[in-house]
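Trainee: Starting off with a structure, shown below.
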Amino acid sequence: LTQRERNQVVEFPSLMFLEKIPYQSVRRRRIRDWPLLAMRLAAILLIVLAFARPFFDRPIVALANASGPREVAILLDRSYSMAYGDRWARAQAAARQVVQGLTATDHVTLILFGTNAQAEVRATAELSRVIAAIDGAKISAEATRYAPALKLAQRVLADSTLQTREVVMISDFQRNGWVRDENLRLPEGTTFRSVPITDAQPANLTVSNVLPQRSMFSGQERVTVAANIVNRGPAAASNVQVRLELDGRAVETQTVTVQPGAPAGITFQPFTLARQFTRGTVRIGDDALKQDNAFHFVASPAQRLSVLLVEPSRAPREASLFLQRALAIGTSPQFQVSVRQGESVATTDLDRSRVVILNDVAALSSGEALKSFVSKGGGLLVVLGERANWGTDSNDLLPGVPGNVVDRPGRGGALAELDFSHPVFELFKAPRSGNLSTARFFRYRAITMKPGQAGDKEGEQAPTRRVVARFDDGAVAMAERKIGSGDVLLWASTLDNYWNDLALKPVYLPFVHEIVRHLATYEQPATFFTIGEVVDPGHLLRSSGLGMQSGTGAMILTPAGQRMEQSGTPTPVQLDQPGFYEVHGRSNQSGTVTLAANLDTTESDLSVLDTQELTAALAGRPGSVNPAAADAAAVTPEDQERRQNFWWYILMVGIVLLGLETAISNRMKGPVEGTRITPTAA
């Protein structure tokens, strides 16, 4: 404006004698007033910005304005996948941001979840308590499961008297953690907001599984460890170091290349299994998620169950031929059989045995010692035959009183009613797994079951007595009684080919093995457990052959070094730490059981769930969840207008600057150029 030309009127009679010359000014091409230019550009910029109607967005987890106090449930994911990179720090910061956006009248509940969920702080207006709980929260060893946290939030919101209810879930939203539940619905009108804590193309290597394979070499048991390494990232991982550790010492390292989305198998050299509960770990190098880079296992030599077989005095050599041959064939576990004859059992023999079999033996004079043996966790099988005269069972050892011999002429009787829920018969439940009803029974003893209402002593819980098998005429074939920590089984016929032909049937061998396994409380030792599983310390000690006297208690040492003391009868324990647990018995005969616990490797898959799918599943019916609130950018029109109303101020400032610039430029005088007249040629 300062350079615009000002016209000067010169009266002239005629223009026919004038030549028009274009006017040029070199000075006009240079900027002379920089402040004026800046003012002009600022005015234009503010006007353009005003018409764009900008707004100041709230924090990503700020909640929509609502009238009155609100009931807010914050669901903070603390599964071990949140340890990837800096996810946990970002999640805590997001949770704190939610709390800082609340008012003093709002009630907030903080729910920490992994596989399970717990309300760390419930329905409180003290925001400082919630922030302190967020700062003190730690990552767990659990996998992600959304349902428990959402159900807990559902109960919290349902119990609230406040009208406005909101749920904020802060998680990495792993797809494996979501299982659609039609019964999972948030209360009507609840606002649900998701805050994803994710990374672009995360890369993760994990040891997904370990399989120890046993073999025999030169009379020694050897173990070959095979492991799978899975690449969850988008690119191949080369030169991955995989190390096998035994009892904390590295014994072998291999290098492998793992393609994305595919497992790579590794087999280590076999090693000799020298001692019980050998601790093993397959480990890879650290990455962004270190928790799943190690897999623990425990290996022990095969157990040999000691069985004491008691025969009548002066019994023929073949009296227990079928039983001894059947137990000699066992390999998993192996049975170590000791044969004794007589009318009593020495205490030293009982101390060395897991199971005692009284094969056609009358009531022993050492009945109290046998009863004590069973109560401490031992197993007793009483086989009734021609010589098995127990009278009234004065020691109260059996589940029933053996009676007279019953003859079944002709084709004989058969087993008709079997309790397939019992461990002895569970193996034969499936089709083509063996048919015990094919055996024919020509003689057996009648068994009169004892009443089970009275205990052994005054005030003692009544012992368990039950019938687990009957013959086709309804007579008792097998009965069981629990005494303390052990079991007594009473078999009404022989286990040879004198009174029946069961010993000649293919089912005889597994039937005898299942009886001894059950009485010894034997289980195939678990190579490892998964975090979240529940174990019984007493059962672990008994099944490992270390002895566990009822009521003596146990001590559990966790991988983190915490001691869990249990007095009386041990109670089940849930595994919540990866590594090696130790279970110590308190009785003199008890030893130590070591078990390995590993993370749930499904959590290593960091694939992300579509939060819109989760929101739609929680809505269920129209109006139950505000779907607009699930999107951090979606707000009501009124709130949108409140967030953008300052554009008027920007526009007014731009207009004022433009007017000011115009006034200043008009006051500034630019050069006034006249008209140059040049005479024309004649």
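The values are calculated or read from the model by the stated rules, or taken from the named source; none is laboratory data. Bear in mind the structure is a predicted one, so any value in this text is a computation, not a measurement. Note that each Cβ is placed from the backbone with ideal geometry, even for glycine, and that neighbours are counted across all protein chains shown.
Trainee: Has the range 134-154 got at least one residue that is in a strand (DSSP E or B) and within 23 Å of Gln291 (Cα to Cα)?
Mentor: Within the range 134-154, none of the residues are in a strand (DSSP E or B) and within 23 Å of Gln291 (Cα to Cα).
Trainee: Any chance you could count how many residues in the range 400-443 are hydrophobic (A, V, I, L, M, F, W, C) and within 33 Å of the chain's Cα centre (by Cα)? Reasoning before the result, please.
Mentor: Going through the range 400-443, the residues hydrophobic (A, V, I, L, M, F, W, C) turn out to be 401, 405-406, 414-416, 418, 420, 424-425, 427-428, 430, 436, 439, 441-442.
Filter again for within 33 Å of the chain's Cα centre (by Cα), leaving 420, 424-425, 427-428, 430.
Of the residues in that region, 6 qualify.
Trainee: Looking at the range 236-307, what strands (runs of 3 or more DSSP E) fall wholly within it and have at least 2 residues that are closer than 30 Å to Thr521 by Cβ? Can you show your working first?
Mentor: Values: elements: 237-246, 249-258, 263-267, 278-284, 294-299.
The qualifying strands (runs of 3 or more DSSP E) are 278-284, 294-299.
Trainee: Any residue at all in the range 326-340 that's in contact with a helix residue (DSSP H, G or I) (Cβ under 9 Å, 6 or more places away or on another chain), buried (at least 16 other Cβ atoms within 10 Å of the Cβ) and part of a loop (DSSP other than H, G, I, E, B)?
Mentor: Checked the range 326-340: at least one residue is in contact with a helix residue (DSSP H, G or I) (Cβ under 9 Å, 6 or more places away or on another chain), buried (at least 16 other Cβ atoms within 10 Å of the Cβ) and part of a loop (DSSP other than H, G, I, E, B).
Trainee: Exactly one of (1) of a type in the set (D, E, K, R); (2) surrounded by fewer than 21 Cβ atoms within 10 Å (Cβ to Cβ); (3) farther than 21 Å from Thr257 by Cα is unmet by Arg243. Its number?
Mentor: Every condition holds for Arg243 apart from (3).
Trainee: Given the condition more than 22 Å from Leu327 (Cα to Cα), without any contact (Cβ under 8 Å) to a residue 24 or more places away in the chain and outside any loop (DSSP other than H, G, I, E, B), answer yes or no: does some residue in the range 392-406 qualify?
Mentor: Within the range 392-406 (the criterion being more than 22 Å from Leu327 (Cα to Cα), without any contact (Cβ under 8 Å) to a residue 24 or more places away in the chain and outside any loop (DSSP other than H, G, I, E, B)), the answer is no, since none of the residues qualifies.
Trainee: For the range 210-235, which positions are part of a strand (DSSP E or B), over 22 Å from the mean Cα position of the chain (by Cα) and among the aliphatic types (A, V, I, L, M)?
Mentor: Taking the range 210-235 as the starting set, the residues that turn out to be part of a strand (DSSP E or B) are 210-217, 220-231.
Now drop any that are not over 22 Å from the mean Cα position of the chain (by Cα), which leaves 212-217, 220-226.
Selection gives Met216, Val223, Val225, Ala226.
Trainee: State all residues of the range 111-139 that are of a type in the set (S, T, N, Q) and either under 12 Å from Leu76 (Cβ atoms) or more than 24 Å from the chain's Cα centre (by Cα) (or both); if no residue qualifies, say none.
Mentor: Selection gives Gln118, Thr124, Ser128.
Trainee: Next question, about the same structure. Report yes if Phe217 is farther than 18 Å from Asn231 by Cβ, exposed (fewer than 14 other Cβ atoms within 10 Å of the Cβ), of a type in the set (A, V, I, L, M, F, W, C) and touching a residue at least 40 places away in the same chain (Cβ under 8 Å), otherwise no.
Mentor: yes
Trainee: State yes or no: is Asp487 assigned to a loop (DSSP other than H, G, I, E, B), of a type in the set (Asp, Glu) and modelled with pLDDT of 90 or more?
Mentor: no
Trainee: When the range 407-443 is examined, which residues are found to be touching a residue at least 24 places away in the same chain (Cβ under 8 Å), of a type in the set (Phe, Trp, Tyr) and touching a Lys or Arg at 6+ places or on another chain (Cβ under 8 Å)?
Mentor: Phe441, Phe442
Trainee: Mind checking which pairs have a first residue in the range 154-181 that is touching a residue at least 24 places away in the same chain (Cβ under 8 Å) and in the same structural domain as Ala616 (by TED's automatic domain parsing) and a second that is of a type in the set (S, T, N, Q) and surrounded by fewer than 18 Cβ atoms within 10 Å (Cβ to Cβ), Cβ under 6 Å, 6 or more apart or different chains?
Mentor: Cβ pairs passing all conditions: Asp172/Thr198; Arg175/Ser607; Asn176/Thr602.
Trainee: Working carefully through the options Gly474, Gly434, Gly452, find the one that is modelled with pLDDT under 90 and surrounded by fewer than 15 Cβ atoms within 10 Å (Cβ to Cβ).
Mentor: Details: Gly474 fails: modelled with pLDDT under 90; Gly434 fails: surrounded by fewer than 15 Cβ atoms within 10 Å (Cβ to Cβ).
Step by step, each of Gly474, Gly434, Gly452 is checked, and only Gly452 is modelled with pLDDT under 90 and surrounded by fewer than 15 Cβ atoms within 10 Å (Cβ to Cβ).
Trainee: Which count do you get for residues in the range 183-197 that are free of Cβ contacts under 8 Å to residues at least 24 places away in the same chain and not polar (S, T, N, Q)? Break it down into steps so the answer makes sense when it comes.
Mentor: Filtering the range 183-197 down to residues free of Cβ contacts under 8 Å to residues at least 24 places away in the same chain leaves 183.
Pick out the ones that are also not polar (S, T, N, Q) and you get none.
Counting residues in the range 183-197 that are free of Cβ contacts under 8 Å to residues at least 24 places away in the same chain and not polar (S, T, N, Q) gives 0.
Trainee: Something else about it: Looking at the structure I just gave you, is Asp181 over 23 Å from Leu289 (Cβ atoms), surrounded by fewer than 18 Cβ atoms within 10 Å (Cβ to Cβ) and touching a strand residue (DSSP E or B) at 6+ places or on another chain (Cβ under 7 Å)?
Mentor: Here the answer is no, as Asp181 does not meet what is asked.
Trainee: Looking at the range 375-382, can you tell me whether even one residue there is of a type in the set (Gly, Ala, Ser), part of a loop (DSSP other than H, G, I, E, B) and closer than 27 Å to Tyr498 by Cβ?
Mentor: no
Trainee: A further question follows. Can you give me the number of residues within the range 492-521 that are under 16 Å from Leu380 (Cα atoms) and either of a type in the set (Val, Ile, Thr) or touching a strand residue (DSSP E or B) at 6+ places or on another chain (Cβ under 6 Å) (or both)?
Mentor: Here is the first cut: in the range 492-521, the residues under 16 Å from Leu380 (Cα atoms) are 492-495, 511-521.
Next, only the ones that are either of a type in the set (Val, Ile, Thr) or touching a strand residue (DSSP E or B) at 6+ places or on another chain (Cβ under 6 Å) (or both) stay: 492-495, 512, 515-516, 519-521.
Total meeting the criteria: 10.
Trainee: Against the condition among the basic types (Lys, Arg), part of a loop (DSSP other than H, G, I, E, B) and closer than 21 Å to Thr448 by Cα, how does Arg387 come out, does it pass?
Mentor: So Arg387 fits the description; yes.
Trainee: Then there is this: Kindly indicate the residue of the range 246-296 that is in contact with a helix residue (DSSP H, G or I) (Cβ under 9 Å, 6 or more places away or on another chain) and among the charged types (D, E, K, R) and also surrounded by the most Cβ atoms within 10 Å (Cβ to Cβ) among those meeting that condition.
Mentor: Out of the qualifying residues, it is Asp292.
Trainee: Evaluate the following for Ser375: is it without any contact (Cβ under 8 Å) to a residue 40 or more places away in the chain and either within 35 Å of the chain's Cα centre (by Cα) or assigned by TED's automatic domain parsing to the domain that holds Leu308 (or both)?
Mentor: No.
One line per residue, one yes/no per condition, for (1) surrounded by 17 or more Cβ atoms within 10 Å (Cβ to Cβ); (2) under 21 Å from His584 (Cβ atoms); (3) at pLDDT 95 or above:
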site	(1), (2), (3)
His518	yes, no, no
Glu523	no, yes, no
Gly532	yes, no, no
Gly545	yes, yes, no
Gln549	yes, yes, no
Gly553	yes, yes, no
Gly561	no, yes, no
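Trainee: If you don't mind, another one. Restricting to the range 341-363, name every residue that is of a type in the set (A, V, I, L, M, F, W, C), over 16 Å from Leu305 (Cα atoms) and either surrounded by fewer than 22 Cβ atoms within 10 Å (Cβ to Cβ) or not assigned by TED's automatic domain parsing to the domain that holds Leu489 (or both).
Mentor: Matches in the range 341-363: Ala346, Ala362, Ala363.
For every residue, the table says whether it meets (1) surrounded by 20 or more Cβ atoms within 10 Å (Cβ to Cβ); (2) modelled with pLDDT under 90.
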{"site": "Ser365", "(1), (2)": "no, yes"}
{"site": "Val374", "(1), (2)": "yes, no"}
{"site": "Gly379", "(1), (2)": "yes, no"}
{"site": "Leu398", "(1), (2)": "yes, no"}
{"site": "Ser421", "(1), (2)": "no, no"}
{"site": "Tyr444", "(1), (2)": "yes, no"}
{"site": "Thr448", "(1), (2)": "no, no"}
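Trainee: I would also like to ask the following. Identify the single condition in (1) surrounded by fewer than 20 Cβ atoms within 10 Å (Cβ to Cβ); (2) touching a Phe, Trp or Tyr at 6+ places or on another chain (Cβ under 6 Å) that Lys482 does not satisfy, given that it satisfies every other one.
Mentor: Unmet condition: (2).
Trainee: While we're here: Give the residue, chosen from Gly585, Gly623, Gly674, Gly591, that is closer than 30 Å to Ser300 by Cα and modelled with pLDDT under 80.
Mentor: Gly591
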